[in-house]
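Below: the structure, in structure tokens.
Each value in this text was obtained by applying a stated rule to the coordinates, not by laboratory testing. The structure displayed is predicted, hence computed values, not measured ones. We place every Cβ from the backbone using ideal geometry, glycine too, and count neighbours over all the protein chains shown.
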2 protein chains.
Amino acid sequence: MAATVTTKRTRRTRSDGERTRRKILETAVRLATVEGLDGLSIGNLAMATEVSKSGLYAHFGSKEELQLETIEVARDLFIDVVVIPALGVEGRGRAIGLCDSFLDYIHRRTLPGGCFFAAVAAEQGARPGPVRTRVAEIQLEWMNLLVESVSKAVEAGELSSDTDVELLAFELNAVVVAANTAFNLHDNPAVIDRARAAVERIVSSLVPS
Amino acid sequence: MAATVTTKRTRRTRSDGERTRRKILETAVRLATVEGLDGLSIGNLAMATEVSKSGLYAHFGSKEELQLETIEVARDLFIDVVVIPALGVEGRGRAIGLCDSFLDYIHRRTLPGGCFFAAVAAEQGARPGPVRTRVAEIQLEWMNLLVESVSKAVEAGELSSDTDVELLAFELNAVVVAANTAFNLHDNPAVIDRARAAVERIVSSLVPS
């Protein structure tokens, strides 16, 4: 009985701990889009989460551990709001869908500073280390998703057979990331429409006539 | 005579002061591409410039003043290495030339963290204030330069008369900025070639047949 209680208590504690940990990390994702991963100080997070500094230290052994875990939570969010909505179709529809849901993610201000990965790629790009390595891996996952969709579109005859698949994926990513930067910088929703028009124009220029 | 000496000394002092100030700001431009404008602490700059902290305080009244002056020195550099080399021709040649010299600026690692303005636009995008305002103005100057070149190309019949001028400028900027991000993140020179190919493909798709 005593053992059971102990187990229960441990379980409840762990579960509370997990909830707090998740809450901290979700706050960290939002904060990092404005202040960068370097702006994730224990002080900043304590203010934003109302968890004490010592509580935060108990959850994360080092700033790097906090940054790496924040990246994983941001990746989960990206998959939920950008990737999954586009998986209903394949090929050209999926490539366009990925761009569309990315632009929705920006336009709806899902995160206060726009795309998490655009922000941290710019911040960490020139600083080799485990954080940059992980950000680079996730950026490649995203690029590969675009490349795969475009490849399927070519195979299915939805895009011209001489389409440079890597090049088209590069262009589509460039357009949506540029929209993110411009939307943040100028608070101008017209850039979202312009990006949709660019995706449309770029893809159409490769549709077999 | 005494007056002359005093004048001379004052002049020399001012000139030394200007030189030191310029040296500090040039270091700040380089540092900001890696650490961001927020990473420009007096401590970091003192280490990088070997000017004492008190000397640095004497030069810049506030961190914001330092950041704003750093932006102006980065703008001068951008004009020298990206804009001026492209001004020899007009129209389509200039639009392509601006993209080419931007890609050279990245590829040659003119600054350790790639394009200064791409770095600080990502960092400051979600933080309204005088720094973001100035970065946004300079980003628009650059966009306007692309728009003007593309407009001239359309007027001269070098690009199709139904070219959406703003859209094409948006796409060209997107491609070169995406190359900057990917080059920093993956250390892969292939992205520079891919970006040149993208500029070529996008522009060619609008050349009247």
Taking a point 7 Å out from Cα toward Cβ as the label site, list the nm distances between B:Pro189 and the same residue in every other copy, smallest first. 4.6
Would you kindly work out, in nm and rounded to one decimal, the distances from the label point of B:Pro128 to those of the same position in each other copy, ordered shortest first, with label points 7 Å along Cα-to-Cβ? 4.2
Only residues of the range B:57-75 count here: report those whose backbone N is under 16 Å from the spot 7 Å along Cα→Cβ of B:Arg22, or say none. B:70, B:72-75
Below 8 Å, C-alpha to C-alpha, sequence gap of six or more: please give me the relative contact order for the range A:2-204 in percent. 21
Chain B: angle of helix B:130-155 to the longest principal axis, Cα-based, in degrees nearest 10: 30
Distant-in-sequence amide H partners of A:Asp164 (H built 1.01 Å from N, under 5 Å): none
Given only helices, namely DSSP H runs of n ≥ 4 each adding -39500 (n - 2.57), what is the per-residue ellipticity at 222 nm of the protein assembly as shown, to the nearest 500 deg cm²/dmol? -24500 deg cm²/dmol
Write down the Kirkwood hydrodynamic radius of the protein assembly as shown, to one decimal in angstroms, obtained as one divided by the mean of 1/r over all alpha carbon pairs. 23.3
Grab the other residues whose beta carbon is less than 12 angstrom from that of A:Thr133, score K and R as +1, D and E as -1, and report the net. 0
Two-site label geometry, B:Asp76 and A:Ala156: point separation in nm, points 7 Å out along Cα→Cβ: 5.5
Translational diffusion coefficient of the range B:75-129 at 25 °C, 0.890 mPa s, Stokes-Einstein with Kirkwood Rh over Cα pairs, in µm²/s as a whole number. 202
Among A:Lys53/B:Lys63; B:Lys23/B:Lys63; A:Lys53/B:Lys53, which pairs are too far apart, with a Cα-Cα distance over 21 Å? A:Lys53/B:Lys63; A:Lys53/B:Lys53
Please report, for B:Ser41, the nm distances (one decimal) from its label point, 7 Å out from Cα along the beta-carbon direction, to the equivalent points in the remaining copies, shortest first. 0.8
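So how do B:36-44, B:201-209, A:26-34 stack up, highest first, on mean other-Cβ count within 10 Å?
A:26-34, B:36-44, B:201-209
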Using each residue's phi in the range B:160-173, evaluate 6.51 cos²θ - 1.76 cosθ + 1.60 at θ = phi - 60° and report the 3J(HN,Hα) Karplus result to the nearest Hz, with x for Gly and Pro. 3, 5, 9, 4, 7, 4, 5, 5, 5, 4, 4, 5, 5, 4
Which of the chymotrypsin sites (Phe, Trp or Tyr not before Pro) found in the range B:58-118 are in a DSSP loop and have at most 16 neighbouring Cβ atoms, other than their own, within 10 Å? none
